Amino acid sequence: MANRESGKDDTIEGAGQASPPPGRAPVGPPAEQDLGSRASDEIPQDSASIFAMAAEQEATPERPKAQFRELEDAGQWLEMLDRLEKQYERGDRALAAEEWGIALVALEEVAEIDPEFRDVQEKLAQAREENELATWYQEASTHAKASHWADACRSWAQVLRRRPDYRDSSALSGLLDAISRLLDG
């Protein structure tokens, strides 16, 4: 970007970026100060975006000092990112294996640390729903085995209200069987 008064180019060489105004130091952790080392799709292309980005980084007075120090330490940040990635993958594998409790624990840890990590909120909602359905299904089966037909009907109904085709309609079959036995007496 050319400076109108001096005719000089005020971009950072190789990055296509405007430099901060005179007397203003770069802001943020060291990795963020070197715009030339960023991926090209992350680099704002106009000076207004750069100054807005710098202002966001400066506007952290409410951020606890301890947290700021942690963010400055790239090693700790990378360790945390690696931990989030591993827990997310563990939760995702548990979802695929229908291990709802394991999925819940792993995904809740990720969401607690970073609620916006990938699609953790959607995966967590899925794990919670599946866990609840599985719990009701198991309760209904346990009541049916014990010939507690009214309790079995209540649990099967909970499952079917949420998902009528749960487990290929075996919940519906269980409910109908429980109603039949309850009516028979």
Filtering segment 118-137 for residues that are within 8 Å of the chain's Cα centre (by Cα) and surrounded by fewer than 17 Cβ atoms within 10 Å (Cβ to Cβ) leaves a count of 4
Can you name the residue in segment 108-117 that is under 8 Å from the mean Cα position of the chain (by Cα) and part of a helix (DSSP H, G or I) and is also nearest to residue 91 (Cα to Cα) among such residues? 110
Of (1) exposed (fewer than 15 other Cβ atoms within 10 Å of the Cβ); (2) in contact with a Lys or Arg (Cβ under 6 Å, 6 or more places away or on another chain), residue 107 satisfies every one except (1)
With criteria (1) under 19 Å from residue 126 (Cβ atoms); (2) touching a helix residue (DSSP H, G or I) at 6+ places or on another chain (Cβ under 9 Å), residue 161 comes up short on (2)
Within segment 120-150, restricting attention to residues that are polar (S, T, N, Q) and touching a residue at least 12 places away in the same chain (Cβ under 8 Å), which residue is nearest to residue 182 (Cα to Cα)? 147
Quick check on residue 140: is it within 20 Å of the chain's Cα centre (by Cα), buried (at least 17 other Cβ atoms within 10 Å of the Cβ) and of a type in the set (A, V, I, L, M)? no
For residue 147, all conditions in the list (1) farther than 24 Å from residue 102 by Cα; (2) among the small types (Gly, Ala, Ser); (3) assigned to a helix (DSSP H, G or I) hold save one; what is the number of the exception? (3)
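Only the coordinates and a few stated rules stand behind these numbers; no lab work does. Computed from a predicted structure; not experimentally measured. Note that each Cβ is placed from the backbone with ideal geometry, even for glycine, and that neighbours are counted across all protein chains shown.
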